[in-house]
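Chemist: Once you've had a glance at the structure underneath, I'll fire off some questions.
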Amino acid sequence: MADDSPKSVVNGLLGHLPPWPRKQLSNSLIAMEQACRQREGLPLLSDADIAALKAGQPMQWESGDAASTPASTGAPPTPAPAAAVAAPAAPAVAAATSAPSGAISEEVAKWVAAGKKWSKSSIAAEQAHRGRKGLPALNDAEITALLGEPLTPATAPAAAAPSAPAAATAASAPRPAAAAATVTASAAASVARGGDATKYVGTPAVGTSKAVAGAGVASVGPEDNEINRQRRRLVWSTVAAFLAAWFIAFFRFFLPRTLFEPATSFKIGYPEEYGLGVDTKFQQKYRIWVDRTPDRLFVIYARCTHLGCTPDWKASENKFKCPCHGSGYDSEGVNFEGPAPRPMDRAHVEKSPDGQILVDVSRLYQWPKGQPSQFNDDGSYLPV
C-alpha cells in the first residue's frame, strides 16, 4: 500500500505523458493530452507545464527521483520527499526560465516597431512554428503588443518575481491545489489570447479541432472587423438576389401568355397611289394584295383556299402560285390549276372621310364553288 499511493499520485499528474527524461512534444500531442485529462478528470497542464513539454525540459513539479527515473526501465516513477522537492533549485529554475514571462523580447519589439499589425491566425502560425523549432512560445504581453491592443492588468508583465522562500513553499505545497490554480490561470490566459473557447456537447474525438477547443484552447476564427462584416453583407446580398430572381421566375410561370394580333381594319393610302396590276407592298404586314383593273380596285386576301398557305405573286407569269401544293390563280385571284377548290377571298374596302382606302379583313367576300360570286357586292371593290 505504501508503494501504490505515490505511484497513483505521479500517474495522476503525468496522465498519459511519458516520465522524464522525454523528448520535445508537439502542439498536437499536448492538445490530445489536455483532452484526455479533461475526460478522465485529471488536472490540466498549466502554461508552464506546456512550455516545459515543448522545450523538452522537466516540468515544474518534476524533481528528485521522479525526474531522474529513466524511461527505458519501465518502472513507475516514485515521488521525492517534500524536503527534496524544495531543496534542489536547478530544475525549478529551468522550469521558471522555460515558462512564458511577461517581458517582450527584442525580436518581438522589432516586429512591433515595424508597424505591422498581426492577426490571430498569424500569431497562431508563429506559435506553431516556435513549437516545431523548440523556441519559447510568445507570452501574453508579446501577443497583445503584436495585436496592437493596449496592455491590461491580465496581460501586463509581472511586477516582481517571488522570493526564494516563497517559491520553495509553493513548490512544497500539495500538487492538486497547485494544479487547480494553474489550470484557472491557464484558462484565463487562453481566453485573453484567442477569445472564448467553443463549447461542445459530449466528448470530442482526440486529435481534432473540437478536442483542442474542449481542452480549453481558444478557437481561432476570422476577426470581427469592418472588412469581414462587408464580406458577409456581400455574400448575403448575393444569396438574397439569387432567391429573389428565382421567385420572380416562379411567379412569372403562372401569368397568362397573351398574343396580340394585328388590327383587322387599317388604311393603305389613296387610290391614286396604285397603278394597274398587283401591288404586294402590304403582303408581309397585312397579308393582302392590292389589285387594280381599268374600272375597279379591290383587295385580295393572301390565303390559299386549299389549305391556307400564302401564295407568291409571279410577275413574269402574271399569276399567283401556292408553294405548298401548287395551286395557281390568275391576277384577280381566280383559281385555274392545282387542288384549290375556289378563288381567293377579297377584303372589304371603302373610302374613309379623309379619302384614303380603308380595308377590313374581318369582312371577306367569297366565290364558293358552284354558287353565285360575291365579288360584285358593294364593299368588295372601289370603282375608279
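All of the numbers you see were taken from the coordinates with simple rules; none came from a lab. All values reported here derive from a predicted model rather than from experimental measurement. Counting neighbours? That spans all protein chains shown, and the Cβs are built from the backbone with ideal geometry, glycine included.
Chemist: Within straight cross-link reach of LYS23, meaning Cα distance under 21 Å, which lysines are found once same-chain residues fewer than 8 apart are removed?
Modeler: LYS54, LYS133
Chemist: So, one more: In what sequence, highest mean first, do 13-25, 243-255 appear when ranked by Cβ atoms within 10 angstrom?
Modeler: 13-25, 243-255
Chemist: Test of understanding: what is the full-extension gain from LEU364 to ASN318, defined as 0.36 nm times their sequence separation minus their Cα-Cα distance?
Modeler: 14.2 nm
Chemist: Where does each of 118-125, 46-53 land if you order them by average Cβ count within 10 Å, highest first?
Modeler: Highest mean packing first, the order is 46-53, 118-125.
Chemist: Reachable aspartates and glutamates from LYS351, Cα under 20 Å, same-chain residues fewer than 8 places away excluded?
Modeler: Straight-distance partners of LYS351: GLU272, GLU273, ASP279, ASP291, ASP295, ASP360, ASP377, ASP378.
Chemist: Right, something else. Let me make sure I get this right: for the stretch 265-383, a, b and c are the square roots of the gyration tensor eigenvalues over alpha carbons, sorted descending. Under 1.5 in a/c it's rounded, otherwise prolate if a/b > b/c, else oblate. Which is it?
Modeler: Details: a/c = 1.79, a/b = 1.46, b/c = 1.22.
Prolate, because a/c is 1.5 or more and a/b exceeds b/c.
Chemist: Oh, and also: Under 19 Å from the Cα of LYS116, which aspartates and glutamates turn up, not counting those fewer than eight places away in the same chain?
Modeler: GLU106, GLU107, GLU126, ASP140, GLU142, GLU149, GLU223, ASP224, GLU226
Chemist: I need the phi-derived Karplus couplings for the stretch 133-148: 6.51 cos²θ - 1.76 cosθ + 1.60, θ = phi - 60°, integer Hz, Gly and Pro marked x.
Modeler: 8, x, 8, x, 6, 5, 8, 5, 5, 5, 4, 5, 5, 5, 6, x
Chemist: Turning to a different aspect of this structure: Once you have the Cα-Cα distance between HIS325 and HIS129, take 0.36 nm times their residue separation minus that, and quote the gain in nm to one decimal.
Modeler: 61.8 nm
Chemist: Using 1/(1 + (r/R0)^6) with R0 = 30 angstrom and r between the beta carbons of GLU107 and ILE227, what's the FRET efficiency to the nearest 0.05?
Modeler: The computed FRET efficiency comes out at 0.60.
Chemist: Kindly rank 224-236, 340-352, 268-280 from highest to lowest mean number of other beta carbons found within 10 Å of each residue.
Modeler: 340-352, 268-280, 224-236
Chemist: Could you list the residues of the stretch 340-384 with an amide nitrogen less than 15 Å from a label point located 7 Å from the Cα of ASP295 in the Cα-to-C-beta direction?
Modeler: Once the point is set 7 Å along Cα→Cβ of ASP295, 375-378, 381-384 turn out to lie under 15 Å by backbone N, inside the stretch 340-384.
Chemist: Treat every Asp and Glu Cβ in the stretch 265-383 as -1 and every Lys and Arg Cβ as +1, leave all other atoms uncharged, and give the resulting dipole magnitude about the Cα centre to the nearest 20 debye.
Modeler: Once rounded to the nearest 20, the dipole reads 380 debye.
Chemist: Okay, moving on. In whole Hz, with x marking every Gly and Pro, tabulate ³J(HN,Hα) for the stretch 348-365 from phi via Karplus 6.51 cos²θ - 1.76 cosθ + 1.60, θ = phi - 60°.
Modeler: For the stretch 348-365, the Karplus curve yields 6, 10, 7, 8, 7, x, 8, x, 7, 7, 9, 10, 10, 7, 7, 10, 10, 10 Hz.
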